[in-house]
Amino acid sequence: MVPQKRGPPKRATLVIQEGLADYLELRGSFGKKEAITDRQLVKEGTHTMKAWWRWHGTDHPLLTALAHRVLTQPVSAASCERNWAVWDAIHTARRNRLGSQKLSDLVYVAHNWNVVRNWHEEGMGVVAAGLLLRRIPPKLSNMLLP
């Protein structure tokens, strides 16, 4: 596949780049005394970055919107930890000769089976989860559980 040639950056990209330059060089509203003082309060933990952008990013609405999106993303390793726990439960001393593809497939099935089971237990998607749970053979479900 031949990569597509990219044209000039879109207007929004240029506006964000200009706003980022202003932010980094403390120009415009980012260089005001209040903005610099509030940056220090953010570092001390008195204010949040989201609030700082709401107060001082008014001159650059696209950059502020981007900052809000980045700052509101949840940061968690919980999904990785769950995946590793399933991996450890499947890759036991008894099953240590499984090939990597077979092991990955079992982890995939086990993880999704647990998701469906949790939906069923919580009453979410009861019909779909019930149908899927009935189709899993008991031998497979015993093999997937620790």
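Quick notes on this one:
- Near Lys50: Cβ cut-off under 15 Å, other residues only, Lys/Arg at +1 and Asp/Glu at -1. The net charge is +3.
- Cα centroid separation - segment 101-120 against segment 45-90, whole Å: 27
- Relative to the current alpha-carbon distance between Gln17 and Ala51, full extension at 0.36 nm per residue lengthens the span by 10.1 nm.
- Segment Ala78-Leu62, length gained on full extension (0.36 nm per residue, minus Cα span): 2.6 nm
- Prolate/oblate/rounded call for segment 45-115, Cα gyration tensor, a/c under 1.5 rounded: prolate
- In terms of its C-alpha gyration tensor, segment 16-56 has a prolate overall shape, because the principal axis ratio a/c (a ≥ b ≥ c, square roots of the eigenvalues) is not below 1.5 and a/b outweighs b/c.
- Label-point separation in nm, Asp105 to Arg69, each point 7 Å along Cα→Cβ: 3.8
- Average accessible surface for segment 1-114: 78 Å² per residue, computed with a 1.4 Å probe over protein heavy atoms with every protein chain in place.
- Residue-span extension gain [Ala85 to Lys32] - 0.36 nm each, minus C-alpha spacing: 14.1 nm
The values are calculated or read from the model by the stated rules, or taken from the named source; none is laboratory data. In this text the structure is predicted, and so the values were computed from the model without any measurement. Note that we place each Cβ from the backbone using ideal geometry, even for glycine, and neighbour counts take in every protein chain shown. Surface areas here come from the heavy atoms of the whole protein model, side chains and all, with no ligands, DNA or RNA. Shrake-Rupley method; radii C 1.70, N 1.55, O 1.52, S 1.80 Å.
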